[in-house]
Every structure is written in C-alpha cells, then in structure tokens.
1. For the chain, which span is the longest to avoid every loop-located (per DSSP) member of GluC sites (Glu not before Pro) having at most 10 other Cβ atoms inside 10 Å?
2. Add -39500 (n - 2.57) for each DSSP H run of 4 or more in the chain, then divide by its residues: what number comes out at 222 nm, to the nearest 500 deg cm²/dmol?
3. For region 13-69, what is the relative contact order in percent, using Cα pairs closer than 8 Å and at least 6 residues apart in sequence?
4. Work from the charge dipole of the chain (Cβ charges, +1 for Lys and Arg, -1 for Asp and Glu, about the Cα centre) and give the residue of 81, 134, 197 farthest towards its positive end.
5. Relative contact order for the chain: what percent, with Cα pairs under 8 Å and sequence separation of 6 or more?
6. If you find the alpha carbon centre of region 55-92 and of region 105-172, how far apart are they in angstrom?
7. Quick one: 3J(HN,Hα) in Hz for region 154-163, Karplus 6.51/-1.76/1.60 with θ = phi - 60°, rounded, Gly and Pro as x.
8. Loop only per DSSP, at most 13 neighbouring Cβ atoms within 10 Å: give me the trypsin sites (Lys or Arg not before Pro) in region 24-57, ordered by residue number.
Amino acid sequence: MENNKLIHIAIDGPAGAGKSSVAREIATRLGIAYLDTGAMYRVVAYKALSLGVSIRDEEQVTALAGKIKITFGPGGNPEVYCDGQNVTTEIRSPEVGRAVSVVASYPGVRECLVNLQRQEAAKGSVVMDGRDIGTYVLPQAEVKIFLTASPAERAKRRHRENILAGKESNYEEVLADIQKRDRMDMERKHAPLKPAPDAIILDTTDLSQQEVVETIIKIVREA
Ligand code: DC
C-alpha cells in the first residue's frame, strides 16, 4: 500500500472470530476509519425490542431501519448511538444477540444498512467488519480477509469476555448461541456468510490477536 492511497479493507467471518477488535486495531494503526456493521444490525434489533415491535414483523422492522439514525463515536471509538441515545451497552445484551440474526435476514433492512455502509466507504479509506463486506457491500475492496476459528475457540473467547465484563456466562449456552447464529447467518437467502472467492482465509484458532493484526497489516502493505 502506497502512502495516501485509498484503501478499503473488508473483514468478514462468523461470530466470535475476533473481527471487531482486530479491525479496530488495524484502523488505528493505519490511521483510517472503522465501521462495525454488526453494530448497525444490532441497533435495529435493539430499537425494535425497545419499542415493543415484534422481531417477526418484517414490515415494521424494515420501516424502522429506514427511520432511525445510527451514529458512532469519533475516530474508531466503540460508542454507538441510536437517534442520539448512547446504546453501546444495550446492543450487546443477550436479548439483542438472539434477535439480531432475524433482523439481519430481512432484505429491506439489509438494503438500507448496506446503502449507509457504501456511503461511508465513499468518504475515504475504511476498515469494515461484518459478514458480507467482501462479497456484497464492497466487492471492489483492495483487501478482503475472512477471519475464522473453531466454534469451541470462539465460544471460549466470548465466554471469557463476558466474565471479564462482569456478566453472567455459561460456556455451553455461549457455544449453543454461536452455533445457532452461524447456521442462521450461513443459511439465509440474502447475502449469507461466506468467504469472497478472492478473500484470504485466516484461521485464528491458534493465533493471538496481535499475531492476527500483524498478519493483516503485512497483507495491506503488500496490496
Ligand atoms: O458481528 P456481530 O455479532 O455484532 O453481528 C450481529 C449480527 O448481524 C449477526 O447475526 C450477523 C449480522 N450481520 C450481518 O448479517 N451482516 C453484517 N455485515 C454484519 C452483521
């Protein structure tokens, strides 16, 4: 990567593969923007739950996605806002975690959020993490990474994060949730989770976060 060259980095993969921590660190290291697209789907699910809109009501959930304003804190800051309200903690609740795959399966919701994601990419260099960034949102991205790890390892990481955050956590339940979400994300009709044909697949089961970051930075510098 030459200095000042525009670069779009797509980081896709299943839940718990470490995408957002890795993507955020890469954006900071390169001094470019970061967009957590999973957080956008979570905001829509959170808003529906908090307004008492049934998650199964595709029409109402889709209308909601078109109406709400999703914003992020400045400079890779993990804060997420919905219509001006800070919902950073709320969107990580188990209820939102269970509802979000349903919300993300609605084509109208996806269309609306994908438009916003492409608008962000049009502004300049960005690291974007999600499920369909390399395949659908930014098919022209210069660097595409598909991060993965075994379900057991991903569940172990999520479980550890929960405990560190002082949340109640049961490893077996975390594993079952991850497996269910993998299935829903991979089997949905619209933009399912799968690596782009030109993505570099990185299995992080036996790698530290630092090793993953360094590997991707090297790939970016050679792009
Ligand atoms: O990465 P995450 O766990 O915060 O993602 C939340 C949900 O949103 C997950 O079920 C998959 C979905 N998602 C998606 O369908 N497309 C994206 N680009 C990002 C997330």
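Just so it is clear, none of the values below were taken in a lab; they were calculated from the coordinates. Just so we're clear, the structure is a prediction, and the values are computed from it rather than from any experiment. Here the Cβ is made from the backbone with ideal geometry for all residues, glycine too, and neighbour counts use every protein chain on show.
1. That gives 3-167 as the longest site-free run.
2. Roughly -15500 deg cm²/dmol at 222 nm, from the helical runs in the chain.
3. 20
4. Among 81, 134, 197, the one farthest towards the positive end of the dipole of the chain is 81.
5. This gives 32 percent for the chain.
6. Taking the Cα centre of region 105-172 as reference, the centre of region 55-92 is 15 Å away.
7. 5, 5, 4, 5, 4, 4, 4, 4, 4, 4
8. 56
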